[in-house]
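Visitor: Pasting a structure below so you can have a look.
The values are calculated or read from the model by the stated rules, or taken from the named source; none is laboratory data. Treat the numbers as computed from the prediction; the structure is a model and nothing was measured. Note that we place each Cβ from the backbone using ideal geometry, even for glycine, and neighbour counts take in every protein chain shown.
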Amino acid sequence: MNLKKLSPIGYWLLFAVLIIVVMIILVVQDILKRNVEEIHEIKETPTYVLKIDYPITNNKKINKEIEEYIESKKKEFIVTAEEASSIMNAQYDFKINYEMYSIESIEFVHLILYSFTGGAHYNQEDKVWIYDKDTNKKVDITYFLEDDTFSKLQTITIDEIKKYYQDNNYVIDEEWIKEGTKSKESFSIFKIKEDNVEITFPPYEVGPWSMGNVVIQIPKDKLIGIIKPIYLQYEQIDQPSISIPQEKRDLSTLKDKKLLAFTFDDGPGGKTTTKLLDNLDQYNARVTFFVLGSRVNNFSNNLKRAYEMGNTIGSHTYNHFNLYKLDLEEQLKEITNTNDAIASVTGKKPIYLRPPYGNIKNEAKEQSGMYTILWDIDTEDWRKKNADKIADHIVKHAHDGGIVLLHDIYEYSVDGALKAMKMLKDEYAFVTIDEMIELKGKTLEPLKSYYSF
Ligand code: ZN
């Protein structure tokens, strides 16, 4: 095409086409970006700790509902925590995790809220939003059912709840179960899994408060003719993998330098973790990720990539509970569930544990068989929120054998880590916990907590 030969109308047409192309690119970028965007809020006061992670979906209306829900729950918690702390001095705890997945065009957003305001346990509250990405309309359980089969689902559900009563040694209360399953709103927390449909009834809905959440799993073969065939066939894409090869470095090239281990908690993250992984090679760095089990499925691609590159994957437990506030059985569940989640992506169970807040007792160390890795260089990145300040802190405190604590869910933390690597790279080799232990010739003891090597 010869631009000189274009008529004025041709110029305008070309101009219009260019504008449209630019607009399309911007819209597509925006959609791609929003797919992985999430919000993190972390706050620590003498009275309470808040740790909230939630996604930004492509549906503005749902985003608003999610925000309003979180805002009201947060306010409620803060009031309760402040009242409680005036009676009993303790640190209360509020956290929100989420899980997001889609089947065909249907997107599921599952928020799980945990709060600790005294007592023996964390309280759990689940909330699910489901919408069709094509129409942007919200859908409920009946969307997945064949016409007029809701009553059949109710009957099967009631049977399963009765079984749940029996298995947990409760006396069956028919009326209560009927009342709690009578409307489609009672079926608002559910998950279509590979071979069953899991339905959760919050405390007090189908039984006494002491039963807690009643979670039942209806095998899919019982749902033939009830659920639409397309959702019966559904298989999870993330199949447990066998063993994935992991790159190993020639450690002899690193041993003449001082060693520094960068460790990243609270992930895996989305684009922030991607940025970190993209930039490790230029500093010849490998690092350690202490990931949360609850986030493994949401960001399994980054976890897999991190592992394959030769980074060490450790556990930061499933829900980021303060283990001091759980009984031993619950503590071990937090640990084993995370190990299983990680192994379903990497094919290998982790052996290192970083308990949230560094809190773990000997019996959990002993029974879990994990090695406890803490840190001695705390960047307080989440408080500083500034890459330069984070980098300065690392450079100032770096020493041979040091372990740096960071969080790869924040961009300023990733930028700060990379800046520090740039400044320290002549003097230091950036190694994983695995590599550090090998290079230092250490044998770990299960009951010890390691702050540095
Ligand atoms: Zn953490």
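Visitor: Kindly indicate which of ALA84, ALA90 is assigned to a helix (DSSP H, G or I) and within 24 Å of LEU326 (Cβ to Cβ).
Guide: Going through ALA84, ALA90 in turn, the sole match is ALA84.
Visitor: Sticking with this structure for a sec: Out of ILE230, ILE161, ILE218, ILE156, which single residue is in a strand (DSSP E or B) and either free of Cβ contacts under 8 Å to residues at least 12 places away in the same chain or of a type outside the set (Gly, Ala, Ser) (or both)?
Guide: Only one candidate qualifies: ILE218.
Visitor: Here's another thing I want to ask about it. May I ask you to verify whether ILE360 is in contact with a helix residue (DSSP H, G or I) (Cβ under 6 Å, 6 or more places away or on another chain), assigned to a helix (DSSP H, G or I) and not polar (S, T, N, Q)?
Guide: Against the criterion (in contact with a helix residue (DSSP H, G or I) (Cβ under 6 Å, 6 or more places away or on another chain), assigned to a helix (DSSP H, G or I) and not polar (S, T, N, Q)), ILE360 does not qualify.
Visitor: Return the total of residues in segment 260-319 being away from the ligand (no atom under 16 Å from the Cβ) and at positive phi.
Guide: Qualifying residue count, segment 260-319: 2.
Visitor: Taking the condition of being of a type in the set (A, V, I, L, M, F, W, C), within 18 Å of the chain's Cα centre (by Cα) and more than 15 Å from the ligand (Cβ to nearest atom), how many residues in segment 330-349 meet it?
Guide: Residues flagged as of a type in the set (A, V, I, L, M, F, W, C), within 18 Å of the chain's Cα centre (by Cα) and more than 15 Å from the ligand (Cβ to nearest atom) within segment 330-349 amount to 4.
Visitor: Something else now. Could you look through segment 38-49, keep only residues that are in a strand (DSSP E or B) and in contact with a helix residue (DSSP H, G or I) (Cβ under 7 Å, 6 or more places away or on another chain), and pick out the one that is farthest from MET100 (Cα to Cα)?
Guide: TYR48
Visitor: Please find, within segment 320-329, the residue that is surrounded by the most Cβ atoms within 10 Å (Cβ to Cβ) out of those that are more than 14 Å from the ligand (Cβ to nearest atom) and within 20 Å of PRO446 (Cβ to Cβ).
Guide: My answer is LEU326.
Visitor: Another question, then. Say whether the condition of being in contact with a Phe, Trp or Tyr (Cβ under 9 Å, 6 or more places away or on another chain), within 23 Å of ILE96 (Cα to Cα) and among the hydroxyl-bearing types (Ser, Thr, Tyr) is met by at least one residue in segment 278-293.
Guide: No: zero hits.
Visitor: Oh, and also: Of TYR410, TYR428, TYR352, which residue is among the hydroxyl-bearing types (Ser, Thr, Tyr), surrounded by 21 or more Cβ atoms within 10 Å (Cβ to Cβ) and away from the ligand (no atom under 16 Å from the Cβ)?
Guide: TYR428
Visitor: In segment 162-218, how many are surrounded by 13 or more Cβ atoms within 10 Å (Cβ to Cβ), more than 21 Å from ASP148 (Cα to Cα) and among the small types (Gly, Ala, Ser)?
Guide: Looking only at that region, the number is 2.
Visitor: Starting from segment 435-453, keep only residues that are among the small types (Gly, Ala, Ser), then list their pairs with residues that are surrounded by 15 or more Cβ atoms within 10 Å (Cβ to Cβ) and outside any strand (DSSP E or B) whose Cβ atoms are within a distance under 7 Å, requiring at least 6 positions of separation or different chains.
Guide: These pairs meet every condition: SER449/LEU374; SER452/ASP376; SER452/GLY401.
Residue-by-condition table, conditions (1) part of a loop (DSSP other than H, G, I, E, B); (2) surrounded by 15 or more Cβ atoms within 10 Å (Cβ to Cβ); (3) of a type in the set (Gly, Ala, Ser):
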{"residue": "ASN339", "(1), (2), (3)": "no, yes, no"}
{"residue": "SER344", "(1), (2), (3)": "no, yes, yes"}
{"residue": "ALA364", "(1), (2), (3)": "no, yes, yes"}
{"residue": "ALA391", "(1), (2), (3)": "no, yes, yes"}
{"residue": "LYS396", "(1), (2), (3)": "no, no, no"}
{"residue": "ASP415", "(1), (2), (3)": "no, yes, no"}
{"residue": "LYS422", "(1), (2), (3)": "no, no, no"}
{"residue": "LEU439", "(1), (2), (3)": "no, yes, no"}
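Visitor: Out of (1) under 21 Å from GLU427 (Cα atoms); (2) away from the ligand (no atom under 15 Å from the Cβ); (3) in contact with a Ser or Thr (Cβ under 9 Å, 6 or more places away or on another chain), the odd one out for ALA398 is which?
Guide: Result: ALA398 fails condition (3) only.
Visitor: From the list PRO245, PRO203, PRO208, pick out the single residue that is under 30 Å from GLN166 (Cα atoms) and under 26 Å from the mean Cα position of the chain (by Cα).
Guide: Criteria check complete, one pass: PRO203.
Visitor: If you check every pair at least six apart or on different chains, which have Cβ atoms under 6 Å apart with a residue in segment 41-52 that is within 14 Å of ALA81 (Cα to Cα) first and a residue that is within 14 Å of the ligand (Cβ to nearest atom) and of a type in the set (A, V, I, L, M, F, W, C) second?
Guide: LYS43/LEU50
Visitor: Do we have any residue at all in segment 300-310 that's surrounded by fewer than 22 Cβ atoms within 10 Å (Cβ to Cβ), farther than 16 Å from PRO356 by Cβ, of a type in the set (Ser, Thr, Tyr) and at pLDDT below 95?
Guide: yes
Visitor: Oh, and also: Could you figure out which of (1) among the charged types (D, E, K, R); (2) under 22 Å from LEU405 (Cα atoms); (3) not in a helix (DSSP H, G or I) isn't true of ASP256?
Guide: ASP256 satisfies every listed condition except (2).
Visitor: Considering (1) within 16 Å of the ligand (Cβ to nearest atom); (2) not in a helix (DSSP H, G or I), say which one SER452 fails and leave the rest.
Guide: The number of the failed condition is (1).
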